[in-house]
Amino acid sequence: MLLRTAWRRAAAALPFAQGLRAKAPTRGLRLRVVGHAPQSAVPSDAATAPEAESMLRPLYMDVQATTPLDPRVLDAMLPYLVNYYGNPHSRTHAYGWESEAAMERARQQVASLIGADPREIIFTSGATESNNIAIKGVARFYRSRKKHLITTQTEHKCVLDSCRSLEAEGFQVTYLPVKKSGIIDLKELEAAIQPDTSLVSVMTVNNEIGVKQPIAEIGRICSSRKVYFHTDAAQAVGKIPLDVNDMKIDLMSISGHKIYGPKGVGAIYIRRRPRVRVEALQSGGGQERGMRSGTVPTPLVVGLGAACEVAQKEMEYDHKRISELAERLTQKIMKSLSDVVMNGDPEHHYPGCINLSFAYVEGESLLMALKDVALSSGSACTSASLEPSYVLRAIGTDEDLAHSSIRFGIGRFTTEEEVDYTVEKCIHHVKRLREMSPLWEMVQDGIDLKSIKWTQH
């Protein structure tokens, strides 16, 4: 009763509060319309010009950071957010049973996408936790006889930091370099494996430059040398075909919000035969086969399962469409602008992640100019550090080019019009910024910038 009264009071006060609220300054940004939004979610006075203007937002071209929730995923989740709220670990009543059934169905959906057994899927809070469980869990379980791990210099930060954490515990870690293409040298990998190597961790698709590693070949090498193979597949699951048995993958990290699912949920695949043992990082009630204690959030795992099912059905269509849009974006930019470099291998590459360096333009300046498109920079110029991206440094990109890189993300809901608008704005601003650059002027005059010896004042 008290709750209802509070809601009524809040509802009555809302129009009054809106009248008092100062009008927020608005920008002339393009409207990013989500066509699947239910009518009931839109306020009745949304059609008025000032209100509509305040809803204008940049176009979204940063799907490597996160993806929008697919409406079909939301539809699957809603019943478990409202009506079916039982704890899936409650075994004594129907509320628990129905939540448990939904959780196990989601486990089946995730397993089906990667060719695994549902019993090999452990739900986590996301790919970061999955990576921590895989790397620290395997290393610590086998520490009595194996104290060496192998990874690459271009892994996600959570993998590199997990490895550094293990080094502080006395483990040895080999950080394999990558070639100019961003792909590891398989001979170097074979040479790096030692008798006491417990794990090799190599990501499937790089989050920054989109390069695909030869996962099946790495799996075969690891299997032949009796070393466990883990892959961070957050950027690959649901986007390219993956089969853990064919590729001989022993552990795989999965993220929900990278495949149009909810944030805060992920999974780790841990092989059962031959069995891979991991030491649990979290103590508690022993849920998820003792590997990840804590109540499983039913609505989130239902969302993850639904996202995996949708991805499995639409993977081929999505990949074809995204490839066409990616080709359109790169061709238009390359034809209109000179001195543009695509970072990473153009062949072994996921098309939805395009990392371009625009010579003689500061990436930060270009990002600020492209304020009506949500993009990210390949360099760390958006953080407190002015150092270029460690991934671009690892592939041997010149520091000036690394600072001028922009990552374009194309996803399931990206339209042709959005790609064309982004290209048009990008070309316009690169030309404008180059005209302001003294370095560009010197290059046009035929001066080789590398031959100049700059002096500090």
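The values are calculated or read from the model by the stated rules, or taken from the named source; none is laboratory data. Computed from a predicted model, the values in this text were never measured in an experiment. In this analysis, Cβ positions are derived from the backbone assuming ideal geometry, glycine residues included, and neighbour counts consider all displayed protein chains. Areas reflect the complete protein model, heavy atoms only, side chains present, ligands, DNA and RNA absent. Shrake-Rupley method; radii C 1.70, N 1.55, O 1.52, S 1.80 Å.
Here are a few things to note about the model shown:
- Contact map, the range 259-284: first residue assigned by the TED database to the domain that holds Gln108 and open to solvent by 60 Å² or more (accessible area, probe 1.4 Å), second residue among the basic types (Lys, Arg) and not in a loop (DSSP other than H, G, I, E, B), Cβ cut-off under 8 Å, separation 6 or more or different chains; pairs are Arg272/Arg119; Glu279/Lys136; Glu279/Arg140; Leu281/Lys136.
- Test: residue in the range 300-320 that is assigned by the TED database to the domain that holds Ala116, assigned to a loop (DSSP other than H, G, I, E, B) and open to solvent by 10 Å² or more (accessible area, probe 1.4 Å): no
- Inside the range 247-265, residues that are assigned to a loop (DSSP other than H, G, I, E, B) and of a type in the set (A, V, I, L, M) make up a count of 4.
- Considering the range 186-201, the residues that are touching a residue at least 40 places away in the same chain (Cβ under 8 Å) and of a type outside the set (Gly, Ala, Ser) include one that is surrounded by the most Cβ atoms within 10 Å (Cβ to Cβ), namely Leu199.
- The range 383-399 - residue that is touching a helix residue (DSSP H, G or I) at 6+ places or on another chain (Cβ under 7 Å) and part of a helix (DSSP H, G or I) and, of those, farthest from Met342 (Cα to Cα): Arg393
- Qualifying residue in the range 163-181 (condition: under 18 Å from the mean Cα position of the chain (by Cα) and either under 23 Å from Ile240 (Cβ atoms) or open to solvent by 20 Å² or more (accessible area, probe 1.4 Å) (or both)): no
- Unmet criterion (only one of (1) among the hydrophobic types (A, V, I, L, M, F, W, C); (2) modelled with pLDDT of 50 or more; (3) closer than 21 Å to Leu370 by Cα) for Leu29: (2)
- For the range 415-431, a residue qualifies if it is of a type in the set (Val, Ile, Thr) and over 25 Å from the mean Cα position of the chain (by Cα), and the qualifying residues are Ile427, Val430.
- Residue in the range 128-142 that is open to solvent by 50 Å² or more (accessible area, probe 1.4 Å), touching a Ser or Thr at 6+ places or on another chain (Cβ under 9 Å) and not assigned by the TED database to the domain that holds Ala402 present: yes
- In the condition set (1) without any contact (Cβ under 8 Å) to a residue 60 or more places away in the chain; (2) open to solvent by less than 20 Å² (accessible area, probe 1.4 Å); (3) in contact with a Leu (Cβ under 7 Å, 6 or more places away or on another chain), Ser293 is compliant with all but (3).
- Residue satisfying condition, being under 18 Å from His429 (Cβ atoms), of a type outside the set (Lys, Arg) and either without any contact (Cβ under 8 Å) to a residue 60 or more places away in the chain or open to solvent by less than 10 Å² (accessible area, probe 1.4 Å) (or both), within set Ser376, Ser404, Ser336: Ser404
- Enumeration of residues in the range 400-424 that are at pLDDT below 95, outside any helix (DSSP H, G or I) and among the small types (Gly, Ala, Ser): Ser404, Ser405
- Condition broken by Gly344, with the remaining ones in (1) touching a Ser or Thr at 6+ places or on another chain (Cβ under 6 Å); (2) at positive phi satisfied: (1)
- Filter result for Tyr269 (within 24 Å of Gln109 (Cβ to Cβ) and of a type in the set (Phe, Trp, Tyr)): yes
- The number of residues in the range 214-236 that are open to solvent by 20 Å² or more (accessible area, probe 1.4 Å) and in a loop (DSSP other than H, G, I, E, B) comes to 3.
- Test: residue in the range 140-154 that is of a type in the set (Lys, Arg) and free of Cβ contacts under 8 Å to residues at least 12 places away in the same chain: no
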